[in-house]
1. How many nm is it between the label spots at residue 460 and residue 280, if each spot is 7 Å from the Cα in line with the beta carbon?
2. Can you list the lysines whose alpha carbon is less than 19 Å from that of residue 577, not counting same-chain residues fewer than 8 positions off?
3. Determine the relative contact order of the chain: mean sequence separation of Cα pairs under 8 Å and six or more apart, normalised by residue count, in whole percent.
4. Would you mind putting 397-404, 245-252, 637-644 in packing order, based on average other-beta-carbon counts within 10 Å, highest first?
5. Rank by packing, highest mean first: peptides 354-363, 424-433, with packing defined as the count of other Cβ atoms within 10 Å averaged across residues.
6. Can you give the charge dipole size of region 571-685 about its Cα centre, rounded to the nearest 20 debye, using +1 on the beta carbon of Lys and Arg and -1 on the beta carbon of Asp and Glu?
7. Run the numbers on region 154-335 and let me know its relative contact order in percent, using alpha-carbon pairs under 8 Å that are six or more apart.
8. Below 20 Å, Cα to Cα, which aspartates and glutamates can residue 69 reach? Residues fewer than 8 away in the same chain don't count.
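What follows is calculated from the coordinates using simple rules that are stated; it is not laboratory data. If you're wondering where the values come from, they're calculated on a predicted model, not measured in any experiment. Counting neighbours? That spans all protein chains shown, and the Cβs are built from the backbone with ideal geometry, glycine included.
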Amino acid sequence: MAEILPTYCALCISRCGCLATVEDGRLLGIAPDPAHPTGRAICIKARTAPEQVNHPARLRTPLRRTRPKGDADPGWQPIGWDEALALCAQRLRAAGPSATAFAVATPSGTAIADAFGWIHRLAHLWGSPNLVFATENCNWHRDFGPALTWGRGLGMPDYAHTACILLWGSNPAATWLAHAERIRAAQQRGARLIVVDPRRSGLANGADLWLPLRPGSDGALALGLIHLLLETGGADLDFLRTYSDAFAPAPDGRGSVLERLAERAAQWPPARVAAITGVDEATLREAAALLGATRPVSLYTWTGSCQQAQATDATRAINLLYALTGSLGQPGGNRWLPGPRLNDIAAFDRVAPETRARTLGLAERPLGPPARGWITTRDLFRAIAREEPYPVRALFAFGGNFMVSKPATRDAEAALARLDFFAQSELFETPSARWADLLLPAASCWEREGLQAGFMVDAAADAHVQLRPAVARPPGEARGDTAIVFALARALGLDADFFGGDEMAALDHQLAPSGLDTAALRAAPRGLPAPHLNAPPPMPRIALWSEALARQTGDGLPCWTPPETDPARPFTLTCGKVVAYCHSQFRQIDGLRRRQPEPLAELAPDVAAARGIAAGDRVAVHTAGGAVHYRAEISERLAAGTVWAHYGWSSETAPVDYNAAMDGECFDRVSGSNALRGIACDVVRLA
Ligand SMILES: Nc1nc2c(c(=O)[nH]1)N[C@H]1C(S)=C(S)[C@@H](COP(=O)(O)OP(=O)(O)OC[C@H]3O[C@@H](n4cnc5c(=O)[nH]c(N)nc54)[C@H](O)[C@@H]3O)O[C@H]1N2
Ligand SMILES: Nc1nc2c(c(=O)[nH]1)N[C@H]1C(S)=C(S)[C@@H](COP(=O)(O)OP(=O)(O)OC[C@H]3O[C@@H](n4cnc5c(=O)[nH]c(N)nc54)[C@H](O)[C@@H]3O)O[C@H]1N2
Ligand code: SF4
Ligand SMILES: [Mo]
């Protein structure tokens, strides 16, 4: 008899509520659960869940390497869990905590969110200063970057009451279904939508205004819009007087902060902005008029404006533009949802200051991710290969495929070959996993329990707590990552801090302040609203002038420097996500591969015409860092001069990896975010 089990899809940030059809422990299918706060729709990734669960290439048992690193065949030898865990403990002890780094997959594009806090707790209590994470290219500029301006993250648009939505470098129709659904509902209610994106797709098709900017020029565009808003009287001066430093004297003593901002922005008159961004003057003025007259405004930005060499300045400029609308923290503007009250489990506060002082990159980027122990592969590989600034000898990774998801860095292979010990929990053997000494089979999100406290997209969704049941049996001996963390903690002598190995006791501790526990959640598989939420945060003070940035960079206001032009690479390359895949994942899932069989580069018509390329041609996209091969598509929906290409592909026989052509030394000086968008390129037709 088939059973229908309420659950949610944990494969990406959307965490869509869904219904699993299960028979005899076998997962037969996934369907939307409209009764769930994020259950209106599911995407094709969730629909292929049975194929993910049953895939023959899934790891089924711990595997130990028997051949030298760098050999095509690692000579994997199956071993038991006890032996694997004992080996981990022995090798991590040999390296010592400060020479051990941890790594974690992105919680926004994998299900590792289940274990994210516990992985941090393990790293912190073991005493490691370093955790590799995608944050600098992912959520940093959304969750932490805005703190430079208003002390906390971007918050969530109050879509139920907003009059105008500014969607800047984010494409939720492909990347966050539940979010796209809230925006569509706001539009149906009459809210206006402005989209800033070099590519017109998803919600941009139904937007009131599309600003097709040249990739990487976001800082110039935002400064230009600040100028227009100030010049046309569209800024909310009363709001700024109450909540910001606008009318305070500028710290360097020349006029008020607002006067200095106006002076800075005046360097960006519409004609100059149009020339640099490719957005024509009329559209710029129309955008400023909409932002000036249609209040309250809400803002969402994500990776489009962040994966750039000047990401911090772009983020600051966009945030200041938003502050001028007077909508921050107001009904219909961006607000900070309180979320369920929980006990902290990640234990950031238990990292000793001398441990944190050793975090790689902290000295160079004290305002960036290293302040929380999050490091880049570039810094990790330097530490392993060249012992700069000190040697790292062991790496323990929970998923993550940094060899494909991060840009090329010169020390990568030397570092991975040199590590004394590299262990990784994974679903599949990936180009990163191939360098491991030990591979641990992870149960997928469909095969393990997981807790989601808050579903983000509005107040009701964010108060919702759900304990996801396992809806399929894990393959072989695969285990959930949380179980692996707890077992490793025991092997490292940290059992007392891990609830004696009792995962349910641990979850009950985490949940206790919310008024919920695992028993209540198991009895209500669709989830429950948390009885106790955090206190709503007070309205923050807005710093148009950032003292922290002034101290680090010498400039308290955002600036933007046009990149040097290169006649050999006249076009601009950028990238983005497609519905079928998350980053480097799912290429082995036939149901998804059929939808997106090969890497594509979309060319703006002027690019194709200039290089004599027709739709369907094989092309090479050349950057200063290398060449990537694609099938060409020609798209009217791209900003002129733009190439929009897929990433996350890898192959041993063909150059298909976008990030292999990126320069890992080119990154934002404050956050470390890599320049992956707005890259000078040329395109040639392959025979
Ligand atoms: N050019 C370019 N590069 C990008 C981006 C871009 O837009 N353009 N986007 C960036 C962004 S936003 C991010 S977040 C990063 C992502 O970078 P990564 O976090 O490295 O993401 P993936 O490449 O998807 O690799 C995730 C790996 O984790 C494994 N995995 C999935 N679920 C689980 C699980 O539950 N447990 C375990 N143990 N393993 C699991 C998968 O099998 C996969 O191999 O990529 C970045 N790279
Ligand atoms: N299907 C799917 N969903 C995902 C993921 C996935 O890999 N696949 N990953 C998850 C993760 S980890 C993340 S971080 C989120 C990211 O979610 P998003 O930020 O929405 O993802 P992207 O598609 O990478 O980028 C957003 C938009 O930026 C545009 N863009 C490209 N270059 C520029 C530029 O220079 N300026 C501006 N303004 N826009 C530009 C792209 O055309 C794209 O429409 O998605 C999450 N959801
Ligand atoms: S958008 Fe797709 S992959 Fe993401 S949670 Fe929803 S169904 Fe799962
Ligand atoms: Mo991400």
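1. According to this spin-label approximation, the distance is 4.3 nm.
2. Here the lysines satisfying the reach criterion relative to residue 577 are 45, 406.
3. Details: 1567 pairs, mean separation 131.2, N = 687.
Reported relative contact order: 19 percent.
4. Numbers: 397-404: 24.0, 245-252: 15.6, 637-644: 22.0.
Sorting 397-404, 245-252, 637-644 by mean packing, highest first, produces 397-404, 637-644, 245-252.
5. Working: 354-363: 17.3, 424-433: 22.8.
Per-residue mean Cβ counts within 10 Å order the peptides as 424-433, 354-363.
6. Working: 12 positive and 13 negative charges, 62 e Å.
The calculation lands at about 300 debye.
7. Details: 324 pairs, mean separation 64.2, N = 182.
Relative contact order comes out at 35 percent.
8. Correct list for residue 69: 387, 411, 413, 420, 426, 429, 437, 652.
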